[in-house]
Amino acid sequence: MKSFEVIWTKNAEYDLEEIIEYIKTDSIKVAKNIFFEIKEQCNDLSIFPLSRRVVPELQHIGILRYRELIYKRWRIVYKIEGEKIYILIVVDSSRDIEDILFRRLLKSDYN
């Protein structure tokens, strides 16, 4: 079975930090649990990264290279390149993701 390396971009790390900072104002315990659960979900992508759906907002306009993992209320957008998976965005699913997607993904850098 092929295994992929999961790499977090700086932007995605920042997204996760912001989410955890916000949650910990209510509960440090919940924030810690969410942090580790999201990390674990992303690490699980190393086995079957193609099992997740293409990002619908991008699929609609013919961009098929970005996939997403939905975990509870967060959308985690990633891209597969060779044997690497780049975690690009972690965002609350209640937010309008289209602007974020176009601003970050179409820049084509792994900050």
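Nothing in this text is a laboratory measurement; each read-out follows from the coordinates by a stated rule. Please read all numbers here as calculations on a predicted model, not as lab measurements. When we count neighbours, we look across all protein chains shown, and the Cβ atoms used for this are built from the backbone with ideal geometry, even at glycine.
Within region 1-36, which residues have the backbone N less than 14 Å from the label spot 7 Å out from residue 52 along Cα→beta-carbon, could you tell me?
Flagged as within label range: 4-9, 12-13, 16.
Counting DSSP beta bridges with both partners in the chain, what percentage is antiparallel, nearest 5?
Bridges in the chain that DSSP calls antiparallel: roughly 80 percent.
Highest GNM mean-square fluctuation, the chain, Cα pairs closer than 10 Å: which of 54, 77, 90?
54
Report ³J(HN,Hα) in whole Hz for each residue of region 76-82, in order, from the Karplus equation J = 6.51 cos²θ - 1.76 cosθ + 1.60 where θ = phi - 60°; Gly and Pro get x.
Ordered by residue, 3J(HN,Hα) equals 10, 9, 9, 9, 9, 9, x Hz.
Give me the log10 of I(q) over I(0) for region 10-51 at q = 0.16, 0.29, 0.30, 0.31 Å⁻¹, as the Debye formula computes it from C-alpha points; what are the numbers?
Log10 of I(q)/I(0), two decimals: -0.46, -0.95, -0.98, -1.01.
Cut-off under 25 Å on the C-alpha distance; same-chain residues fewer than 8 positions from residue 79 excluded. Which lysines are left, in chain and number order?
Cross-link targets: 2, 10, 39, 107.
Once you keep just the Cα pairs under 8 angstrom separated by 6 or more residues, what percentage relative contact order results for region 47-105?
Normalised by residue count, the contact order of region 47-105 is 22 percent.
Can you give me the angle between helix 28-44 and the longest principal axis of the chain, using Cα atoms only, in degrees from 0 to 90, rounded to the nearest 10?
20 degrees
Per residue, how big is the convex hull around the C-alpha atoms of the chain? Give it to me in cubic angstrom, could you?
Enclosed volume per residue, from the Cα hull, is 100 Å³.
Sequence-distant or interchain residues sharing an amide H contact under 5 Å with residue 9, placed H: which?
Result for residue 9 returns 87.
With a ≥ b ≥ c the root eigenvalues of the C-alpha gyration tensor of region 38-79, is it rounded (a/c under 1.5), prolate (a/b larger than b/c) or oblate?
oblate
If the chain between residue 61 and residue 84 were fully stretched, how many nm would it gain, using 0.36 nm times the residue separation less the Cα-Cα distance?
Length gained between residue 61 and residue 84: 5.8 nm.
Report relative contact order for the chain in percent, whole number only (criteria: Cα-Cα under 8 Å, sequence separation at least 6).
31 percent
Taking θ as phi - 60°, what are the ³J(HN,Hα) couplings along region 67-72 by the Karplus curve (6.51, -1.76, 1.60), each to the nearest whole Hz, with x for Gly and Pro?
Values, residue by residue: 10, 9, 10, 9, 10, 6 Hz.
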